[in-house]
1. Among the residues that make up the range 96-110, is at least one of them under 22 Å from I148 (Cα atoms), over 28 Å from the mean Cα position of the chain (by Cα) and among the charged types (D, E, K, R)?
2. Could you say which residue among R250, R230 is in contact (Cβ under 8 Å) with a residue 24 or more places away in the chain, surrounded by fewer than 17 Cβ atoms within 10 Å (Cβ to Cβ) and not assigned by TED's automatic domain parsing to the domain that holds Y120?
3. Mind telling me which of the residues Y140, Y174 ends up being assigned to a helix (DSSP H, G or I) and either without any contact (Cβ under 8 Å) to a residue 60 or more places away in the chain or closer than 30 Å to P336 by Cβ (or both)?
4. Restricting attention to the range 218-251, which residues are of a type outside the set (S, T, Y), over 23 Å from R265 (Cβ atoms) and part of a strand (DSSP E or B)?
5. Looking at the range 198-227 only, could you name the residues that are under 24 Å from L263 (Cα atoms), among the small types (G, A, S) and surrounded by 14 or more Cβ atoms within 10 Å (Cβ to Cβ)?
6. Go through the range 153-168 and give me each residue that's farther than 14 Å from H114 by Cα and among the charged types (D, E, K, R).
7. Can you tell which of R25, R87 is touching a residue at least 12 places away in the same chain (Cβ under 8 Å), closer than 30 Å to V155 by Cα and in the same structural domain as A138 (by TED's automatic domain parsing)?
Amino acid sequence: MSLKGKRPSKTGQNLAQLDSFERVRRLFSLIMLPMGAIACLLAWAMELTAERTVEFDLYFLPLFALALCISAVLVWLKPAVLPWMERSGFVALSTYLLITLEHQLSGFLPLYGHFNEFTYWFFIAFLIAFIGWKPRNALYLCGGLYAIMLLLLVVNLPPLLQLEGHRFWLTINYVAQFYLACLIYIAVHFALAQLRPQLSAMQRLALTDPLTGVANRRRGEELLSLEIARASRHGHPLSVILFDLDHFKRVNDVNGHAVGDALLRSVTRIVSEQLRVTDQLARWGGEEFLVIAPELGDFRAVQVAERMRAHIARLRIPGNQETHPTASFGVAFYRPGDTPHSFVQRADEALYAAKDGGRDRVEQEASQAAAAAEPDVPSMEIA
């Protein structure tokens, strides 16, 4: 089977899902949504007990608190709804803040000479915009929101200009400080948002093999540690499949490194197509790869390895001499007390057995009883 091009692998998609910004984004929402609900309920309680009651708040605040609580539950249960929740939250919060700003400018500010505590939440609205949208789109949204804020100020400016003496200057100072702070906050968030793609790119470079696009060994070790901890905690099965391309050095010597690189990319693609969404593929070193397969028992893991072996054997890579690659596989299964090193070591021993058995084959680790009966033999590097 001839291979041209390279589709995005499931493993690459999994790496993208593990982006640290997305984890922080979800954690931020799970913290801020309940806190926002608490703030709404506190403000509502104050409105009920204070003399300066705003009728709109009496109805809106409890409903908004309920919506925030429901949103937090949905984000916890279904992280995929997070972008929709962020954008809906921005629209709802911005609408409420603009209505409240109109009330403040037209009534509260001329009477008391300053804004009340609602102004703090404008900064949260700007923050949500830059979390939920791309930087330029967020800038447009915040710019539009700011323009409406300025329009409300212009409409309500005449009563403010009629204030006298110290009260006039105090009120103007409050207004100027608020509007300037909002403008600076938008500008700072836009500047910081420009760094997000660069940070994500740096993270991908640090955790991804540049040739094949799958996890590198460092990331593979991290993922394996996480899966071992999960298997230990819940008692679920976990398998690893270590495979090595046979006679890969000969491919480079005969056809050149360009063909060798094409072979590695093709093998990565064809193996990724056999994996589930929960599986992880990492380039362990050179022509050696590791598959981490949670929730996969011994029989199924050997079946998966055999299927990958058969697909690799059908690959054809053109060069000075057409390459007919094969690979040898070692399969190991999680045992209580395993470390990443001990776990992969048993898969490595099974891989050596596959090499010794003639290559282009799958071997699984020896049983615990058989392993205990065999004397220790120093390991040798695979040629």
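The values are calculated or read from the model by the stated rules, or taken from the named source; none is laboratory data. Model, not experiment: these values are computed from the prediction. Every residue, glycine among them, receives a Cβ derived from its backbone with ideal geometry; neighbour counts consider all protein chains shown.
1. Yes, there is a match, as at least one residue in the range 96-110 is under 22 Å from I148 (Cα atoms), over 28 Å from the mean Cα position of the chain (by Cα) and among the charged types (D, E, K, R).
2. Only one candidate qualifies: R230.
3. Going through Y140, Y174 in turn, the sole match is Y140.
4. L238
5. G213, A215, G220
6. Correct list: E164 only.
7. Details: R25 fails: closer than 30 Å to V155 by Cα.
Just one listed residue meets the conditions, R87.
Rundown of residues vs (1) modelled with pLDDT of 95 or more; (2) assigned to a strand (DSSP E or B); (3) more than 16 Å from I228 (Cα to Cα); (4) in the same structural domain as A215 (by TED's automatic domain parsing), yes/no style:
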{"site": "I292", "(1), (2), (3), (4)": "yes, yes, no, yes"}
{"site": "Q303", "(1), (2), (3), (4)": "no, no, yes, yes"}
{"site": "G319", "(1), (2), (3), (4)": "no, no, yes, yes"}
{"site": "A332", "(1), (2), (3), (4)": "yes, yes, no, yes"}
{"site": "L351", "(1), (2), (3), (4)": "yes, no, yes, yes"}
{"site": "G358", "(1), (2), (3), (4)": "no, no, yes, yes"}
